[in-house]
Amino acid sequence: MIDQLGNGLLLGIIISVASVALSLLYSVTRIVNFAHGEIIALGAIMTLFFSNPVDSRVIYLDRFSPLGLDFVISAFLAVILCGVFGGLLELILFRPLRKAEVGNIAILVVTIGLSIFIRHLYLIFATGRVQNFPLELERRVTYLFFDMTPRNFRVLIAGIIVMVLIGLLLTFTRIGKAMRAVRDSGELASISGINSDNIILITWISSSMLAGLAGIFQGVINDIRYNMGFLILLLVFAGTVLGGIGTSFGAMVGGLLIGIFVQVSVAFPFMEGHIEAKNAVALGLMIVILLFRPQGIFGQKERIS
Amino acid sequence: MNNPILECNGIAAGYVKGLNILQGVDLVVSEGEIVSIIGPNGAGKSTLLKAIMGLINISAGRFFIEGLEKTNLPTHKIVNEGVGYVPQVQNVFPSLTIEENLEMGSWSLGKNAKQSINELYQEFPLLEERRKEKAGNLSGGQRQILALARALVTSPKLLLLDEPSAGLSPLAIDDVFKTIKNINLKGVSILLVEQNAKRALKFSNRGYVLDQGRNAYQGTGTDLLDDPRVVDLYLGKL
Amino acid sequence: MSNKLLEVKNLKKTFGGLKAVDVEHLSFNKNELTSVIGPNGAGKTTFFDLVSGFQQGDTGEIYFKNKKITKTQPYKISRLGLIRTFQLTKVFDRMTVLENLMFSGSSIKNDSFFQSILNTSSSKKYESDLEERAFEIMQDLNIEKMSESYARELSGGQKKLLELGRSLMKNPDLLLLDEPLAGVNPKLAEDLLEKIKNLSDQGITILMVEHNIEAVMKISERVVVLAEGKVIAEGTPQTVRSNDKVIEAYLGTAHE
Amino acid sequence: MNISAKWITTLVLTFSSLALVFVLNPDGQLRILANLLTFAGIYALAAVGLNVHFGLTGLLNFGHASFMGVGAYVTLLLIPHAAGREGEINENGLPFLLALLIGIIAASLFGLLLGLPAMRLRGDYLAIVTIAAAEIFRLLVRDLESITGGVYGIINFSSALQKYRPVFFDEAVISLDLAPAQIWVGLLSWISVFLVLLLLKRLSSSPWGRALRAVREDEDAVRALGKNAVWLKLQSFMLGAGIAGVSGVFLAFNYGFVETTIFIPLLTFYVWAIMILGGVGSLTGPIFGSIIFWAIISETDKIASLIFENADGQQLAGVRFMLVGLLIMLLMIFRPSGLLGKKEELLLNVK
């Protein structure tokens, strides 16, 4: 079980970062964003595009050659691009829908359409092959009591640092406080002189940057596929729901727990020979939690119909 | 008479299109005045404040702040015109600390926010004492004081208050009204919607009585207090 | 045998420390038209929610027709003959006026899946009787011209009428009306009031929460005044009207 | 738009999309047409089931693929088949109709099971729970290889249905140079569509349908009028799931095999796209929605291959899926009532 703990932590950090992003967006905009997975994938795919060596045989649809930039610079650029993309989504799509007072259910369906659209755009441009970042193979090293490659260990540390940073930003910066204020009450925020449209735009940008980062982590630890975001999306929902949708801290912990749970469950006696079904256990957990404690572990009561 | 701060002409507004709660309300608040709006439930008192704040659409009529028309401006811009508003419910951010609540109130001030908040703390020592506490943990009366303070950070010229005494204990009510009086003495004009009509009228320079979205009566506080028609409006004629 | 139709004992409900309802004892007699009044936040709607099963009280018992209905599901209470309306009208927006009424009147057996598939002649007969009854009620309420309109197309006042009609389809023993006049124009309000009075005369027991005090005083046989969840006065409109406590509850006190 | 204008638009769109198939294909048009109409029938059936959930009752079900899957797996496992890596043939089995009936009941019961936890949840959470439950179903089916054949799936079951094919039918179909097996499946699925629609026409104008619509509008009012809203919702879940189950069975017969990658969330989204295109709450909408949808889908590959010269098959399929996503988005934004949905009964602008 200890062996799986390291893997669990790694998966947990990916889900955790993605869950925080989803939860942030939900709490400020009330949008259940099914296209969240595609923004996750965008981070990885863009990083791959920037970092693949120029002479690699991966050529995107015969039109675009990779750029061969340094990996860290690529990742940085990709995260920025994800932010721009999220911002554009808000400006072009979701703000007009909000102004037209389109209902939440309709917007949910729109995000599903958006998700399918973007995901297959990736398929066309980035092909359906499983790919990896141009990084050297590394040997596993023991840290405390679990084994992982130094690179994965760095991802874990980076993830933890990002979480702490998010926490600090939300707690101490003006924008972070304003996000929490809009979450508490959009109306009171505007009464206080805050332009909530701007805050929502910033939320879209930051949520998308975080999602992109989660995608890059996923790409480093595992691999890159056009549908990598959708594959992990339900686990991200599970993490968000577990912690209590709308609370950033809850999403952090919830995501981490789901990741660990998925990996550690492999070691359960009854799971022997059923490793493929490990995600089912996590999703089952989510349903049970929604059933008995719909507000999640850290959430406030609110959403029983 | 002093210069009017707020002037409403024939304001009509409602929550649903085609169904106006307000059906033409006229009202003036002058510099330094406390004006209260009273009337039975459903008369449109709170709706009027929301309409001024741009929270609901004004379908007819106009209003002016210091002589300039501001009808249907976005809410955050009305705030920048020097109007503070304390709604009846949801008037603090419960998951934010007291200090953060005040910071949100001072949003439009930018860099000068810190100083205004510190000045405010001198007036409300209780808030300074508990500045790191979540607003959600405050008692009803303390919440109301915080809500008032939040609206005051930007030093508004006019303060709109929606039933500040609602749901409070008698002692807390005294406290809130004392605070409002002090605010007024510093030169802030106040437009007050109150359930507790007698108290509000006694407390105000002038009052307006609304009935079914229209002006019914107006006059000085004491005049309205003694007017039997006001009682009839609340409890019906026999 | 007592004349009590509804009796409430020691009913308490608090929300986060705030007492919404705190009624020691209250009973409502058969064939009486009683109004529950009180300033905002007095707990009137919460009281209705408790009685109709939409909320659970912290303590206390509720009896309807001498049967204990505390902690009973709303639909079961409704089947006993206690029908309520809502402050914010809850008509079935995307169904026609006629469908609204017929749904309400239809029995559980008639609503059942298999009965609906079989569509026997007896169920056809049942439906046409139902339709007839619905038209009678619509005529009574002057909304028969709108029988084929979607309920969402009705004005606020017409929706109130529809909701009333829908309740009447159930042949209620006790009718709980939550602000039947709210948002209704004065002319229609007068009509509506007349209808309520007629229903009461026909023998339906009515319990009404209403803010339009003038209307309340005009038609109620008995008035109960709530303030901060407690009963502060009850009696005829005249006695309540001149009760100092009531005036104070509504207009407040002037003391500093 | 008035009723006749709506119908004219629908019919014009249907025929022009079918005409497109003829124009874009120099030969083999009849085969292509037969193929797309078979899929259209099967998916129309699924969309009709989804419409019971969403259109009639307002339930936000995103786990439709699992209802189709339960119906398919239960039915196939009960008739003679071969499953798993070894592909050992199981000769014994129930007659097709009996197995189908049990499959429908199983799908309904799965609907009931899924409905139970979902009853307490608000719309958007219901969406998450149903899609998650459908994934659990799929993962379990994949995992339980000894029963379901896992990733190797189930094969060799077709004769259970095909053996009922009449001789004259074969002759007629072969004379048209078409494959009798597929036409048989297509014919049966369209017959099912019409039978189910007849049933639903009766039901939706019945007291039961009226009660479901009332639940869709306002549960509190339903309760206040003495009706058990939860039980009504569960019944709706069961009926829609049962219909989806039939559709899943035909889908399996059309493929000639089943395995878990068929019942992925995308399948649910396809059905959603068809339902929205046809018109939420419209009885006949899914028929036209499905035909137009499949006509477009079957032709995108050709258009795409013109634009993207060197794309592989998977990438070309991507263009098709992209279009589905775009279709869902554009419909939701610009025409949420679809082709035949009533604007007055539009459900999707609910807050």
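What the table shows:
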read-out	value
In region C:56-84, residue nearest to residue C:24 (Cα to Cα) [restricted to those that are out of contact with any helix residue (DSSP H, G or I) (no Cβ under 7 Å at 6 or more places or on another chain) and β-branched (Val, Ile, Thr)]	C:59
Selected residue [more than 10 Å from chain A (Cβ to nearest Cβ), under 28 Å from residue B:207 (Cα atoms) and either touching a Cys at 6+ places or on another chain (Cβ under 8 Å) or modelled with pLDDT of 90 or more (or both)] from B:174, B:162	B:162
Single condition residue D:178 does not satisfy, out of (1) assigned to a helix (DSSP H, G or I); (2) touching a residue at least 40 places away in the same chain (Cβ under 8 Å); (3) surrounded by fewer than 22 Cβ atoms within 10 Å (Cβ to Cβ)	(1)
Boolean, residue C:193 is hydrophobic (A, V, I, L, M, F, W, C) and closer than 24 Å to residue C:250 by Cα	yes
Residues of region B:103-123 satisfying the condition of being of a type outside the set (D, E, K, R), more than 7 Å from chain A (Cβ to nearest Cβ) and touching a residue at least 12 places away in the same chain (Cβ under 8 Å)	B:106, B:109, B:113, B:116, B:117, B:120
Within region B:1-59, tally of residues that are more than 19 Å from residue B:70 (Cα to Cα), outside any loop (DSSP other than H, G, I, E, B) and either of a type in the set (Ser, Thr, Tyr) or within 17 Å of the chain's Cα centre (by Cα) (or both)	6
Scope region B:215-226; condition within 12 Å of another protein chain (Cβ to nearest Cβ) and surrounded by 16 or more Cβ atoms within 10 Å (Cβ to Cβ); matching residues	B:221, B:224, B:225
In region B:88-102, residue nearest to residue B:163 (Cα to Cα) [restricted to those that are surrounded by fewer than 24 Cβ atoms within 10 Å (Cβ to Cβ) and either more than 7 Å from chain A (Cβ to nearest Cβ) or free of Cβ contacts under 8 Å to residues at least 40 places away in the same chain (or both)]	B:88
All positions within region C:82-121 that are more than 9 Å from chain D (Cβ to nearest Cβ), under 30 Å from residue C:41 (Cβ atoms) and in contact with a strand residue (DSSP E or B) (Cβ under 7 Å, 6 or more places away or on another chain)	C:82, C:87
Test: residue in region A:222-234 that is over 14 Å from the mean Cα position of the chain (by Cα) and either at pLDDT 95 or above or under 17 Å from residue A:30 (Cβ atoms) (or both)	no
Top-ranked residue in region D:200-218 [being part of a helix (DSSP H, G or I) and out of contact with any Leu (no Cβ under 9 Å at 6 or more places or on another chain); ranked as farthest from residue C:110 (Cα to Cα)]	D:217
Qualifying residue in region B:190-200 (condition: away from chain C (no Cβ under 11 Å) and farther than 19 Å from residue B:165 by Cβ)	no
Condition check for residue B:84: at the interface with chain A (Cβ under 10 Å from one of its Cβ atoms) and out of contact with any helix residue (DSSP H, G or I) (no Cβ under 8 Å at 6 or more places or on another chain)	no
Residue match in region D:61-82 (condition: assigned to a strand (DSSP E or B) and either in contact (Cβ under 8 Å) with a residue 40 or more places away in the chain or within 24 Å of the chain's Cα centre (by Cα) (or both))	yes
Search result, residues across region C:22-54 that are over 24 Å from residue D:225 (Cβ atoms) and assigned to a strand (DSSP E or B)	C:22, C:23, C:24, C:25, C:26, C:27, C:29, C:37
Selected residue [closer than 24 Å to residue B:32 by Cβ and within 12 Å of chain A (Cβ to nearest Cβ)] from B:135, B:147	B:147
Residue match in region A:227-235 (condition: out of contact with any helix residue (DSSP H, G or I) (no Cβ under 6 Å at 6 or more places or on another chain) and crowded, with 24+ Cβ neighbours inside 10 Å)	yes
Any hit, region D:107-117, residues being part of a helix (DSSP H, G or I) and under 18 Å from residue A:234 (Cα atoms)	yes
Selection status of residue A:108, in contact with a Lys or Arg (Cβ under 9 Å, 6 or more places away or on another chain), within 30 Å of residue A:260 (Cα to Cα) and buried (at least 18 other Cβ atoms within 10 Å of the Cβ)	no
The listed residue being within 8 Å of chain C (Cβ to nearest Cβ), over 20 Å from residue D:117 (Cα atoms) and not small (Gly, Ala, Ser), out of D:213, D:223	D:213
Options A:77, A:123, A:165, A:97: the member that is within 30 Å of residue A:186 (Cβ to Cβ) and either touching a residue at least 24 places away in the same chain (Cβ under 8 Å) or surrounded by 13 or more Cβ atoms within 10 Å (Cβ to Cβ) (or both)	A:97
Tally, over region B:48-81, of residues that are at positive phi and within 11 Å of chain A (Cβ to nearest Cβ)	1
Check on residue B:191, over 18 Å from residue B:28 (Cβ atoms) and outside any helix (DSSP H, G or I)	no
From A:164, A:155, A:141, residue being out of contact with any Gly (no Cβ under 9 Å at 6 or more places or on another chain), closer than 22 Å to residue A:38 by Cβ and not charged (D, E, K, R)	A:155
Only one of C:218, C:230, C:124 that is within 13 Å of chain B (Cβ to nearest Cβ) and more than 16 Å from the chain's Cα centre (by Cα)	C:218
Top-ranked residue of region C:101-121 - restricted to ones that are of a type outside the set (Gly, Ala, Ser) and under 21 Å from residue D:230 (Cβ atoms), ranked as farthest from the chain's Cα centre (by Cα)	C:114
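Residue-by-condition table, conditions (1) polar (S, T, N, Q); (2) surrounded by fewer than 24 Cβ atoms within 10 Å (Cβ to Cβ):
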| site | (1), (2) |
| --- | --- |
| D:43 | no, no |
| D:68 | no, no |
| D:72 | no, no |
| D:77 | no, yes |
| D:92 | yes, yes |
| D:101 | no, yes |
| D:106 | no, yes |
| D:116 | no, yes |
| D:128 | no, no |
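The values are calculated or read from the model by the stated rules, or taken from the named source; none is laboratory data. Please read all numbers here as calculations on a predicted model, not as lab measurements. Every residue, glycine as well, gets a Cβ built from its backbone with ideal geometry; the counts of neighbours run over all protein chains shown.
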